[in-house]
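The values are calculated or read from the model by the stated rules, or taken from the named source; none is laboratory data. Everything numeric here is computed off the predicted structure, so don't read it as measured data. Cβ sites come from the backbone with ideal geometry, for glycine too, and all protein chains shown count toward neighbours.
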Protein chains: 2
Amino acid sequence: MPTNRQILLDNRPEGEATTGNFKLVTAQTPALQDGQVLVRHHYLSLDPYMRGRMNESKSYAQPQPLGEVMIGGTVGEIVESRHPKFAVGDKVVGMGGWQEYSVVDANQPGAVRKVDTTHVPLSHYLGAVGMPGVTAWYGLVKIINPKAGETMVVSAASGAVGSAYGALAKARGCRVVGIAGGKDKCDYVVNELGFDACIDYKQHKDAISLSKALKQACPNGIDGYFENVGGLVLDAVLLRMNAFGRIAVCGMIAGYDGQPMPLANPALILVNRLKIEGFIVSEHMEVWPEALKELGTLVGSGKLRPRESVAQGLQAAPEAFLGLLKGKNFGKQLVKLI
Amino acid sequence: MPTNRQILLDNRPEGEATTGNFKLVTAQTPALQDGQVLVRHHYLSLDPYMRGRMNESKSYAQPQPLGEVMIGGTVGEIVESRHPKFAVGDKVVGMGGWQEYSVVDANQPGAVRKVDTTHVPLSHYLGAVGMPGVTAWYGLVKIINPKAGETMVVSAASGAVGSAYGALAKARGCRVVGIAGGKDKCDYVVNELGFDACIDYKQHKDAISLSKALKQACPNGIDGYFENVGGLVLDAVLLRMNAFGRIAVCGMIAGYDGQPMPLANPALILVNRLKIEGFIVSEHMEVWPEALKELGTLVGSGKLRPRESVAQGLQAAPEAFLGLLKGKNFGKQLVKLI
């Protein structure tokens, strides 16, 4: 049985998360039972939702238990199998957590899924053709339901969700405008991802200033907005929403550390007859096949070229995760484990 | 031609509205053209939306023009007709405005509609079986879409919209909880309107205190909320919404005077995967026949017994309107003009 390095949640953040909240340990992988497989992880996915799980307070999911391996999506390869449908060498995606190996009961629905790496690199199954891509798809297609010619905006535009959202909205004939932090990210969003415009929120210190930039970038107003960050970005977007606009709320990263994050002017919901809807993609497993098919085609045909930030080795995961929360990553944040 | 007393918007409020914003004038009604009818108003409806129209700022509707008769719903009787489908004596509902008579082009769709007063008193066509009733119906049926056994909450519960909402939700097998101002109103909401409970918001000075009272009144949480007021009531309700709850936003009376009215914790939209949707009932004319039919049946069968606050004479309208904005009315606020 191979030696397995793991990262546990050691204690909960007080305010901002720190590397001290995590603990690296070493364990032996247990012997397999019938129906189980041993997966060697090639990549670990780091995602903003993990910050919410680190808090004790009630959220949509149970808090991450202390002393257990941090939750997380992984892609890897079967290295031992006691399940007839999985063979050594199969490439699979699952929720293996922050560790180098995982033992998975392959009979549990959705616990481990084989993927085809002929046209799509393995790591993309954690990004554009994985949970973040389906997240963008659900918000755009099922909540915003865009019409050709409408203007679609997304925050954290250079990230895994934002880049997929842009490609999906362009494929539907929309004007697509991103919001991102810094000139490099904005250039990438426009030049490589094909957005019509991108606004650097770091150039704006309040919602009024940001909303003026949005007015320029969205001359016909905003019809659909995909919310990843909350805070003043949401305030600014609300000032530019058109009547009957739709907002899909997927993340509010600005509030994860527990600071108050009020919405300045909720009366705009009424004035503009907006629909605002929060969602969690794991509660809508029925759309995954349709969404993954479209996303795989976009990646395979080069219409969606997602960028990745790759940290090296499990021990780099905490620093990379904290950087992600501050927007230091550029594209999908991964940890390479092999 | 009869003499017609009218109330004009003379100047716009700075902060709170006052009687000085209005002006009473006298005019002669003009001679009728072909296709027109002259309506003598029996009742004028006073509604919170009028406050929004008094502001100059962009809202969903054009501002009320200065120097013109205030907008408003009316019921009355045809006293002169040059239209073949309307006869003297017909009872009609329309948007006659704050005046004693109106001349209406009866060919304009929806400008004037005959009503049957056999089972429903004329004044109720401005309330339970009129715009406020349809407003409640649309929010409950089309946005909240309640299931039997769910808990439905409404603010301004003793008013025209709130009372209709309660009856409609009870008819669908829901637990119905109101929020109203003062013991008398709460007693009426429970004893006469048949709500399961009613909370007096005046007994609570912050959102936390109000949310504790909501927890008691809604032991299974809140699945649907109809928002008439905004401010701390909305903050308190958000703390008690169940996962997949729905909020129909119809009014935010707390913000009409222009003071800031932030929403304390928008992250709850994500945590509880809420849907929040603003609407204006006049944009959904297609539902009116179905809604009015159900509302007429509820009133005719005594299952909805709306209360009315009636001010006497056109000159009483401004005071009555300002009282409505402060919650001084008890049930549907009307002005009797005859």
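The sole residue among A:Leu268, A:Leu292 that is more than 14 Å from chain B (Cβ to nearest Cβ) and either surrounded by fewer than 24 Cβ atoms within 10 Å (Cβ to Cβ) or modelled with pLDDT of 90 or more (or both) is A:Leu292. All of A:Lys91, A:Lys114 fail the test of being more than 14 Å from every other protein chain (Cβ to nearest Cβ) and touching a Leu at 6+ places or on another chain (Cβ under 7 Å), apart from A:Lys91.
Condition first: within 16 Å of the chain's Cα centre (by Cα), away from chain B (no Cβ under 14 Å) and surrounded by fewer than 17 Cβ atoms within 10 Å (Cβ to Cβ). Can you find one or more residues in segment A:51-67 that meet it? No, segment A:51-67 contains no residue that is within 16 Å of the chain's Cα centre (by Cα), away from chain B (no Cβ under 14 Å) and surrounded by fewer than 17 Cβ atoms within 10 Å (Cβ to Cβ).
For every residue, the table says whether it meets (1) among the β-branched types (Val, Ile, Thr); (2) in contact with a Gly (Cβ under 8 Å, 6 or more places away or on another chain); (3) modelled with pLDDT of 95 or more; (4) within 20 Å of A:Arg273 (Cβ to Cβ).
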site: B:Asp105; (1), (2), (3), (4): no, yes, yes, no
site: B:Met131; (1), (2), (3), (4): no, yes, no, yes
site: B:Ile143; (1), (2), (3), (4): yes, no, yes, yes
site: B:Thr151; (1), (2), (3), (4): yes, yes, yes, no
site: B:Ala156; (1), (2), (3), (4): no, yes, no, yes
site: B:Ala160; (1), (2), (3), (4): no, yes, no, no
site: B:Tyr165; (1), (2), (3), (4): no, yes, yes, yes
site: B:Lys170; (1), (2), (3), (4): no, yes, yes, no
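Residue-by-condition table, conditions (1) at pLDDT 90 or above; (2) within 11 Å of another protein chain (Cβ to nearest Cβ):
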position: A:Met252; (1), (2): no, yes
position: A:Asp257; (1), (2): no, no
position: A:Leu274; (1), (2): yes, yes
position: A:Ile280; (1), (2): yes, yes
position: A:Gly296; (1), (2): yes, no
position: A:Glu308; (1), (2): yes, no
position: A:Ala311; (1), (2): yes, no
position: A:Phe321; (1), (2): yes, no
position: A:Leu324; (1), (2): yes, no
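B:Gln33 passes every criterion in (1) exposed (fewer than 15 other Cβ atoms within 10 Å of the Cβ); (2) under 26 Å from the mean Cα position of the chain (by Cα) apart from (2).
Per-residue answers, yes or no, for (1) surrounded by fewer than 16 Cβ atoms within 10 Å (Cβ to Cβ); (2) within 19 Å of A:Val190 (Cβ to Cβ); (3) among the β-branched types (Val, Ile, Thr); (4) more than 15 Å from the chain's Cα centre (by Cα):
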residue: A:Leu298; (1), (2), (3), (4): no, yes, no, yes
residue: A:Pro306; (1), (2), (3), (4): no, yes, no, no
residue: A:Gln312; (1), (2), (3), (4): yes, no, no, yes
residue: A:Leu322; (1), (2), (3), (4): no, no, no, no
residue: A:Leu325; (1), (2), (3), (4): no, no, no, no
residue: A:Lys328; (1), (2), (3), (4): yes, no, no, no
residue: A:Gly331; (1), (2), (3), (4): no, yes, no, no
residue: A:Leu334; (1), (2), (3), (4): no, no, no, no
residue: A:Leu337; (1), (2), (3), (4): no, no, no, yes
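Against the conditions (1) more than 11 Å from every other protein chain (Cβ to nearest Cβ); (2) more than 26 Å from B:Lys185 (Cα to Cα); (3) without any contact (Cβ under 8 Å) to a residue 60 or more places away in the chain, B:Gly245 satisfies every one except (1).
Looking across segment B:89-109 at every residue that is part of a loop (DSSP other than H, G, I, E, B) and in contact with a helix residue (DSSP H, G or I) (Cβ under 7 Å, 6 or more places away or on another chain), the one that is farthest from B:Gln64 (Cα to Cα) is identified as B:Glu100.
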